[in-house]
Every structure is written in structure tokens, then in C-alpha cells.
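The values are calculated or read from the model by the stated rules, or taken from the named source; none is laboratory data. This one's a predicted model, so the numbers in the text were calculated from it and none came from an experiment. Cβ sites come from the backbone with ideal geometry, for glycine too, and all protein chains shown count toward neighbours. Just so you know, the surface numbers come from the protein's heavy atoms only, side chains and all, with ligands and any DNA or RNA stripped out. Shrake-Rupley method; radii C 1.70, N 1.55, O 1.52, S 1.80 Å.
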Amino acid sequence: MSTTDIELDALAVFSHPDDAELTVAGTLLKLKSLGYRTGVLDMTRGEMGTRGTPEGRAEEAREAARILKLDVRLNLEQPDGHVWLNEESRTDFVRVLRRYKPKVIFTSHWDDPHPDHAATARIVREGARLASMRRYDEEAGLAAVRVPAIAHAVFSRLVPPSFIVDVSDFVEEKMRAIRAHASQFYRADANEPETRISDKNFLQQIEWRMRYYGSLINAAAGEAFLVREALNVEDPLKLLTRPMNIYS
Ligand SMILES: [Zn+2]
């Protein structure tokens, strides 16, 4: 991992090299358009994937990062399929937080059915707290940081979102960033084995999901998030006079 002085506003932390694109690419693009510094941290290189090679996937991730205009794309190089909340993963993650100092983190939900995704959410929650403790991993020589806010991406109907980001203007770019991971998704000429996400309908479903969450806020497309902590609102009028949908 390279060291740099870039301080990030938002960091998306997901398990596999295409997860951030599939989940929060619209929000990352929107934040970039608002002038914020954005980054993605992939927990693994996706080497257990049925399709593609780690080298090819790294190349695809770089291309997607270019489309998303990311300031940094990092990889924690945890073992794919074996992401665990342990001392090594926590410490490595704390070092990323202390180097890049993101104020907000987007990650998966702690009950995600994919064990890597659930473990990633737990590493994020514990690492965010530990990064603020001066004595934790003191030997690395990195200063403690304030605990960043954490927003978990919502996929399950059982999880009511805390907020939905209107990403109507970024649907095309998001889909382009997803398709940069060409080894993973449907191609008529592909001769690799089929997977759940290489099915022809998968990308269509990703878009429909964005359209559904958009409909909940009267927008053309949205990405939904859960924040476990209570939100501290400065101006309730400003918040509550934005477009809403009483049928949501
Ligand atoms: Zn994944």
C-alpha cells in the first residue's frame, strides 16, 4: 500500500474489487461532483472469484477508479473468502484510517449474507473505534484520528434506510464503472463459467434497485444507507422540505 498525504472526505470499504461500484458508485460520483475527495478500499483482490484473475481484476479496478474519479483506490490484501475480524485485519484497517483520515465511511451491512461482506462491516466498526485510541498500534507511529461516521449500504428489505442519496445524474457513469469489471459480468462471447452476477439480468436488477430506491424519494435513482447512530440535524426545515414520497 502506498503512503500519501491525501486526506479523504469519504472512503468506501467493501470486500471484493467490484463491490463498491455495485453498491455506492452513484454516491461516490455525486460526492466527487460536489468537490469532495473520495476513495475506495477493497478488502481483497477477489482471487477466489469464479471468473477473472487477480491481475486482470486489479486492472479492471484501476479502470473503474478512473471512471469514478477516485483520489485513491487501496487494497488491504486480505484472503478472499476468508475475511475475518481479527487482530491483523483490524490493525491494517486502523492504519488506513490514520493515513487517509476519512470523515465518512460507506460499507456493507453487518448481516450481509456473504460472510466476507459481514466481516468487512465488523472490521470497519471496530477499526473506526480503535483508530481513535492513542495507544492502539502505537508502534506504527501513526496518530490517532476522530471516529469517522459509518453508513451501511442497504440491500435487504428488512433494513429500513436512514437516508437515500439521489443519484439520478450518475446512473450511466455508475453502470460504466461496473462494466469496467468486464470479467465478472455478462458478455455474449465469454467462455468462462456462469455465476450469479454474470447472468444477463444481474446488471438490469442493479439498475432496477437504484430506480426503486429513487422512487422512495421521488427521484429517478437512489442509493440507500443505514446509520446506526442517531443523526444530528442542524436545520430540520432544510432536511424535511426536500422531495419525499408519502408512499415510501
Ligand atoms: Zn463482494
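For this structure, a couple of remarks:
- Counting only residues that are open to solvent by less than 30 Å² (accessible area, probe 1.4 Å) and within 18 Å of the chain's Cα centre (by Cα), segment 25-62 holds 16 of them.
- Failed criterion for GLY52 (all others in (1) in a helix (DSSP H, G or I); (2) of a type in the set (Gly, Ala, Ser); (3) within 16 Å of the ligand (Cβ to nearest atom) hold): (1)
- Residue, farthest from the ligand (Cβ to nearest atom), within segment 35-49, restricted to residues that are part of a loop (DSSP other than H, G, I, E, B) and charged (D, E, K, R): ARG37
- Looking across PHE170, PHE225, PHE155, one residue alone is in a loop (DSSP other than H, G, I, E, B), on the phi < 0 side of the Ramachandran plot and aromatic (Phe, Trp, Tyr). It is PHE155.
- Among (1) over 27 Å from MET48 (Cβ atoms); (2) open to solvent by less than 80 Å² (accessible area, probe 1.4 Å), the one test that LEU203 misses: (1)
- Candidate set: segment 1-34, residues that are more than 16 Å from the ligand (Cβ to nearest atom) and of a type in the set (Gly, Ala, Ser); chosen: the one modelled with the lowest pLDDT: SER2
- TRP84 satisfies every condition listed in (1) open to solvent by 60 Å² or more (accessible area, probe 1.4 Å); (2) of a type outside the set (A, V, I, L, M); (3) within 16 Å of the ligand (Cβ to nearest atom); (4) touching a Ser or Thr at 6+ places or on another chain (Cβ under 8 Å) except (4).
- Restricting attention to segment 117-152, the residues that are assigned to a loop (DSSP other than H, G, I, E, B) and either open to solvent by 20 Å² or more (accessible area, probe 1.4 Å) or within 16 Å of the ligand (Cβ to nearest atom) (or both) total 12.
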